[in-house]
Every structure is written in structure tokens, then in C-alpha cells.
1. Distance between Cα centroids, region 150-165 to region 23-101: provide it in whole Å.
2. Based on the Cβ-Cβ distance from GLU144 to ASP99, what FRET efficiency comes out when R0 is 35 Å, to the nearest 0.05?
3. With both bridge residues required to lie in the chain, what share of the DSSP beta bridges run antiparallel, to the nearest 5%?
4. Among 221-229, 59-67, how do they line up from the highest to the lowest mean number of other beta-carbon atoms within 10 Å?
5. Compare the Cα positions of LEU200, ILE156, PHE48 along the charge dipole of the chain (+1 at Cβ of Lys, Arg; -1 at Cβ of Asp, Glu; about the Cα centre) and return the one farthest towards the positive end.
6. Mind checking the full-extension length gain between ASP78 and ALA32? Use 0.36 nm per residue of separation minus the Cα-Cα distance, one decimal, nm.
7. Consider the candidate values [x] 44, 24, 12; [y] 126, 25, 13; [z] 25, 20, 18; state which one is semi-axes √(5λ) of the Cα gyration tensor in Å computed from the structure displayed.
8. If the only charges are +1 at each Lys and Arg Cβ and -1 at each Asp and Glu Cβ, what is the size of the charge dipole of region 143-232 around the Cα centre, to the nearest 20 debye?
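Read the figures in this text as sums done on the coordinates, not as results from a lab. In this text, all values refer to a predicted model and were calculated from it rather than measured experimentally. In this analysis, Cβ positions are derived from the backbone assuming ideal geometry, glycine residues included, and neighbour counts consider all displayed protein chains.
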Amino acid sequence: MPNGQLAQRVGTLEEYMKDLSFQALRTERELARLSQEMRDFKDEMKDFKNEMKDFKDEMLEFKGEMKDFKNEMKDFKDEMKDFKDEMLEFKGEMKDFKDEMKDFKDQAERDRRDMNRKWGELANKMGTMVEDIVAPNLPRVARELFGCGEPEWSGIRMVRRRGADTVEIDALVVCEGLVLFNETKSTVYSRDVDDLLVKLDRFGDFFPEFAQRRRVGVLASLYIPESIVIAATSRGILTMGMKDDTMQILNPEAAAP
């Protein structure tokens, strides 16, 4: 083989060996880089696993706390149920207590009215109804029906004479512009309305100092028949009878002028 061809082949082989060496070096570098990346990846995976473990531990702890919270909520609900049951029982007891108190008050009111009624009957029998029951209520009647203030003058069981004439008055209340003239009867008859009107008409003769004031008659008794109340109302006479726990005006409409 000529020397020139041999030299050419040797050169070609050297070039090939150089490329092969270069390729081997590059491959080695790539493998080293890949190996480093794998190591980094493994480290990252290790860190990730550790983080996942920590996360699982936290979740496990959270689940434990949630379980404790659920148990506490269950205990709270049970306590609330017991409290509601106790409140319901308390409300029932309070309702029973209120009912008992209402019954007690109703009975006390009935007893009070019955006592006042019996007291009025006793006062009527003893002849002290004017002093005990009627007269103490006349200032209130004057105030409520006629707007009177404190009475200027009042009296009970009065007798006035004018010459041979005499007038007897059971109770009298005088306030500004008004005179309340009371006749009290143990039993009321229709003629008592007429008799009271006659006394009212002659009042000025016996009490000239009050002659210019309006005169209103008050016919009082424990019980007054409805027919007499109607008759008295038509003639402007007030009637007073026992109602509830005291003497009350039975026909306030008769107070109109």
C-alpha cells in the first residue's frame, strides 16, 4: 500500500478517534448532569414526602381536634336540651302559679265585694249608711261628674227651719257653682223621686246663701229598682247604689244640664 494512502487512513482514523473521544466526553457530562438532576429530584421528593408526612400529621391532629369539638358540641346540645326541658318545666310551674294567683285574686275580689255588700247591709240596718257609705262618696261624684275641686262646704243629717217649715237633709256637698243634695233610703219607692224634687225646689228658701247655684239631687240606697232609675234619669235626679266594692252613680247621664 502506498505511503500516501496509509497516511490518509491514519488521519481519518485519528479524526474518528477524536470525534469518538469528544462524544464520550459529552456523554459523560450529560450522564453527570442527569445524575445530578436525579439526585436533586430525589432530594425534592424526600422534602415533599416529609412535607406530606407533616401535612398528614397536621390533618390527623385536626381530625382529633374536630372529634373533640364534635364531642363538646354534643355535650353542649345535651346540656341545652336539659336546659330547655327545665325551662319548659319552669314555665309549666309558672303557669300553674299564675293560675293559682289569679284564682286567689278572683276569690279575694269576690270576698271583698261580698264583705262590702254585707257591711252596707249592716250599715243600712243600723241606720248609719249615710255616714259610712253615702257621704264619703259624694265629693268623688262631684269631682268626676261635674269637675268640682275640694268642696267648699259639706254636712250630714242636717235640719233647717224657716218659720214653721222644716227641711231635713241626709247629706249635702257644696262646691263652686254646684250643690249635691242627697236623700238616702233603706228602701226606695217611686214617690221618693217626687219628694226629692220638692225639696230641691224649696232648697233656696232654707239655704239662701246657695240659692243661685245649680242643684242636683242624689237618691241613694243599697239597691234601686231599674224602673226607678229610669224615672229619676228622666227628671234629672242621680241615683246611687252599691256596685262592686262601693257606692256608684247608676245613671251618670242624668248629670247633663
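1. 99 Å
2. Details: r = 35 Å, r/R0 = 1.00.
After rounding, the FRET efficiency stands at 0.50.
3. Working: 18 of 28 bridges.
If I count the DSSP bridges inside the chain, around 65 percent turn out antiparallel.
4. Ranking, from highest mean packing down: 221-229, 59-67.
5. Comparing the listed Cα positions along the dipole, LEU200 ranks first.
6. Numbers: separation 46, 0.36 × 46 = 16.56 nm, distance 6.77 nm.
Value of the extension gain: 9.8 nm.
7. So the structure-derived entry is [y].
8. My answer is approximately 180 debye.
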